[in-house]
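Novice: Right, I'll just put the structure down here and ask away after.
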């Protein structure tokens, strides 16, 4: 058992073990990684009672701490949710191994043959809050991409994460892979988080998963690169050339399917020409579904305040506004958006092209619900998070985006003149 | 003329102008960018006398400051070098525009069609020392990739950079592109550098070009992401299965073609089985060419000190060592290398594969000179620098790696179940 009082020493030890494991993982076979993930899935399922018992301890602690119902719900594990974790592990196991893939190759007049080949990033740090399933998802995706991972779960999910982590280690052992490939910080001490954010020589990238408080802290303090989104302030713009049926259905889905996820729509923009007709109908649909519409230029539940624009409600609430044209919609999104996901509803190809070209959010959609902003819906199997930065990874971050690359160059005694 | 005494205000103004220009450049046509680059090339050539006169001022200042001969040489511009700058601009002008390129696209069972499309990064900051040609190269590559750029050249090349920058602006004007697409910090005050390193809301990436002092400072202090290499400690490993003729020629080229560039070999590793034969012959070749060989286990100019391993000589000097096998070579490179470029000389495919798989430098070569570590030799036309980090860009950084991407998703009123 490691000394858990000297946090810098503890984290240095974990970091060194992660680097060693990463060096070995970089050339681990696809089969061994797959074996580890399947064995981990089996372990999670066969040890489900133990996981649920650990989760009970966390739930008791959560009740004591007075967690909100939403947080308690995120924390809770039952057999159904454990089956979800097992399925997730199996899905990642079956994915194509990105490591070693040739991204591109070409010949040069000098006689050199150049290949650009995918490599692991190295060591990934994941800092998350109450969802215990992140332990399995993040561990699996990092392993798939040949990265060692250091998991630092929230104190609320301490026992659940520990039990799930133990199953992942079972998988690593079964495959003969280094146990330090997936490590968990074994302390609730928050100093461990601060330490991780500054381990520039050890951790290649940090992925924070959680609320705005956590993500903001990580973005401000980290000296290590970060893949994250602070907020998902997703906009839906209903163009004058929108198909009314599609528009009504998509807006309703974008707002109400699940309000607590980052892809949920937070602001509706409506072209002036159809504001009184289709626009008002959409607002009425939303209100009929129980959504509080804070509107400007439309008859909503209440008049919108300036602060309603750019707000991530994560609730049955939406801001709504009439705009003169597509350019005002684009300007509004540039000003208030968070570069996550925006959708345009239109049958006009030129309008869609303008929206796609002039906005620079990670995901831009046409005639589709913003709730599709999700790694699974993009065909990535799973995601470790959604990134809104422009460096390296963007949008849903799956195994492939947890890789880097190197150039392999072959000559035949080739000299540079 | 901007106020040049209030550096934070000056840089904020430059930054805001860069962001505005970047928003416009993001959808500038390929033709307009090409026009600007060709017009800039024409301007540099027709204004060459003015550029040379400005350079004379810098040379006088450099003499006064007591710059080394090497630095004076880097600073000097004559008609030949100006022709080189013009050719560089034309080459970048002719390159394919990376912006808008579809990197990949696929359909999902939900009915969504997903495209991953290349976009500009945004605003690039370039901090460089005495080479005035960086002004043109960096300006051109950033423009090609749709990025606005803020150039901060060294005080030594102040007048030369200013004259070249003025030609780039001529090009922008001729193409009707915003002049703020390529800005130059108009002051020698070093506070401007510190400011740039912290402009996280404005600058998306910083590229430092210069010596270890500058690059180290930028890497330590920057809050903005950095593309850089601190050192090029390139290794050449001569395997027991090396072809003697190829090995002798490649090692000589890798060390002596140009000693001052980052791709120059700094350490020779020789397999024990051929140390006394081919290994010694290579060392003798190097010494005959005037190279000081600091050797261990070979008869060199002198015995190697521990500190010679991991040293970037950038001179007619090389460290040399006998290793027991390829794994010792790999371990040595992992310990002393800088993740830049390493080469193996071997006819044994298995040895080459092991070297390629187990090392993680940005560039790995087989039977080719490390001096090929250069954007032009990789077919990128030009490079803004060579990166040894693993995030986003790696190896020679050309226009393509100065881009990010976004997802464009098309549905037909598609709802998420």
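FYI, it's all coordinate maths here, none of it is from the lab. As the structure is a prediction and not an experimental result, all values here were calculated from the model. In this analysis, Cβ positions are derived from the backbone assuming ideal geometry, glycine residues included, and neighbour counts consider all displayed protein chains.
Novice: Between residue B:306 and residue A:412, what's the calculated FRET efficiency when r is the beta-carbon distance and R0 is 41 Å? Round to 0.05.
Specialist: Efficiency, rounded to the nearest 0.05: 0.70.
Novice: Still on this model: How high is the relative contact order of the range A:169-244, in percent, with contacts defined as C-alpha pairs under 8 Å that are six or more residues apart?
Specialist: 23 percent
Novice: 7 Å along Cα→Cβ for the label point: how many nanometres lie between residue A:305 and each equivalent label in the other copies, listed shortest first?
Specialist: So the label point of residue A:305 gives 6.9 nm to the other copies.
Novice: Tell me the relative contact order for chain B as a rounded percent, counting alpha carbon contacts under 8 Å between residues six or more apart.
Specialist: Once divided by the residue count of chain B, the mean separation gives 18 percent.
Novice: Note the direction-averaged projected area, equal to a quarter of the hull surface, for the Cα convex hull of the range A:362-417, in nm².
Specialist: Reported value for the Cα convex hull: 6.8 nm².
Novice: If you consider only alpha-carbon coordinates, what radius of gyration and Dmax does the range B:207-291 have, in Å?
Specialist: When restricted to the Cα atoms of the range B:207-291, Rg and Dmax are 16.7, 51 Å.
Novice: While we're here: Once you've got the GNM for chain B with C-alpha springs shorter than 10 Å, pick whichever of B:357, B:183, B:371 has the biggest mean-square fluctuation.
Specialist: B:357
Novice: Any idea what the alpha-carbon Rg over 2.2 N^0.38 Å comes to for the range B:248-330?
Specialist: Ratio of Rg to 2.2 N^0.38 Å for the range B:248-330: 0.98.
Novice: Under the Kirkwood approximation applied to all pairs of distinct alpha-carbon atoms, what is the hydrodynamic radius of the protein assembly as shown in Å?
Specialist: By the Kirkwood definition, the hydrodynamic radius is 28.7 Å.
Novice: Give the order of A:414, B:135, B:68, A:194 when sorted by the count of other beta carbons within 10 angstrom, beginning with the fewest.
Specialist: B:68, A:194, A:414, B:135
Novice: Working from the pairwise distances between different alpha carbons, so that the mean of 1/r is found and then inverted, what is the range A:141-229's Kirkwood radius in Å?
Specialist: By the Kirkwood definition, the hydrodynamic radius is 14.0 Å.
Novice: Restricted to Cα positions, what overall size does the range B:139-192 have along the principal axes? Three whole-Å values, descending.
Specialist: For the range B:139-192, the Cα spread along each principal axis is 31, 18, 15 Å.
Novice: Take the rotation relating chain A to chain B, measure from its axis to every Cβ in chain A, and name the nearest residue with the distance in whole Å.
Specialist: A:392, 2
Novice: For a Förster distance of 22 Å, can you work out the FRET efficiency between the beta-carbons of residue A:155 and residue A:96, rounded to the nearest 0.05?
Specialist: For residue A:155 and residue A:96, the calculated efficiency is 0.05.
Novice: Considering the alpha-carbon set of the range A:309-395 alone, what are its Rg and its Dmax in angstrom?
Specialist: Reported Rg and Dmax, both Å: 13.7, 40.
Novice: Per residue, how big is the convex hull of the range B:55-167 when only Cα atoms are used? Give it in Å³.
Specialist: Dividing the Cα hull volume of the range B:55-167 by its residues yields 112 Å³.
Novice: If you find the alpha carbon centre of the range B:167-203 and of the range B:325-352, how far apart are they in angstrom?
Specialist: Each part's Cα centre sits 41 Å from the other's.
Novice: If I take every Cα pair under 8 Å that is 6 or more residues apart in the range A:234-376, average their sequence separation and divide by the length, what percent do I get for the relative contact order?
Specialist: Computed value for the range A:234-376: 33 percent relative contact order.
Novice: Please report, largest first and rounded to whole Å, the three semi-axes of the ellipsoid equivalent to the range A:234-376, where each semi-axis is the square root of five times an eigenvalue of the C-alpha gyration tensor.
Specialist: Listed largest to smallest, the semi-axes of the range A:234-376 are 19, 17, 15 Å.
Novice: Using only helices, what value at 222 nm comes out for chain B when you add -39,500 (n - 2.57) per DSSP H run of length 4 or more and divide by the total residues, to the nearest 500 deg cm²/dmol?
Specialist: -12500 deg cm²/dmol
Novice: If you don't mind, another one. How long are the three semi-axes of the equivalent ellipsoid for the range B:280-325, computed from the Cα gyration tensor as the root of 5 times each eigenvalue, in whole Å, largest first?
Specialist: 15, 14, 8
Novice: Say R0 is 35 Å: what FRET efficiency, to the nearest 0.05, do residue B:194 and residue B:289 get from their beta-carbon distance?
Specialist: 0.20
Novice: Going 7 Å from Cα along the Cα-Cβ axis for the label, what nanometre distances separate residue A:216 from the same residue across the other copies?
Specialist: For residue A:216, the other copies' label points sit at 3.8 nm, shortest first.
Novice: Pop a pseudo-label 7 angstrom from the Cα along the beta-carbon direction at both residue A:79 and residue B:349 and give the gap in nm to one decimal.
Specialist: 5.3 nm
Novice: Which value in nm describes the separation of the simple spin-label points at residue A:46 and residue B:69, placed 7 Å from the Cα toward the beta carbon?
Specialist: Those two pseudo-labels are separated by 7.4 nm.
Novice: Let me see the P(r) profile for the range A:47-97: every Cα-Cα distance counted, bins of 10 Å, each bin given as a percent of all pairs.
Specialist: Histogram of Cα-Cα distances, whole percents per bin: 23, 41, 25, 10, 1.
Novice: Could you work out how far apart the two model spin labels at residue B:27 and residue B:334 are, taking each label as a point 7 Å from the Cα in the direction of the beta carbon, and quote it in nm?
Specialist: 5.0 nm
Novice: Continuing with the same structure: Taking chain A as a Gaussian network, Cα atoms linked when under 10 Å apart, which of A:32, A:104, A:155 shows the biggest mean-square fluctuation?
Specialist: A:104
Novice: Something else now. In bins 10 Å wide, starting from 0, what share of all Cα pairs of the range A:1-132 does each bin hold, as a percent?
Specialist: That works out to 10, 23, 31, 24, 8, 4, 1, 0, in percent per bin.
Novice: Once the label point is placed 7 Å from Cα along Cβ, list for residue A:101 the distances to the corresponding points in the other copies, in nm, shortest first.
Specialist: Those separations, rounded to one decimal, come out as 1.7 nm.
Novice: Same structure again: Evaluate the Debye formula for chain B with equal point scatterers sitting on the alpha carbons, no solvent, and hand back log10 of I(q)/I(0) at q = 0.07 Å⁻¹, in q order, two decimals.
Specialist: Reported log10 I(q)/I(0), two decimals: -0.39.
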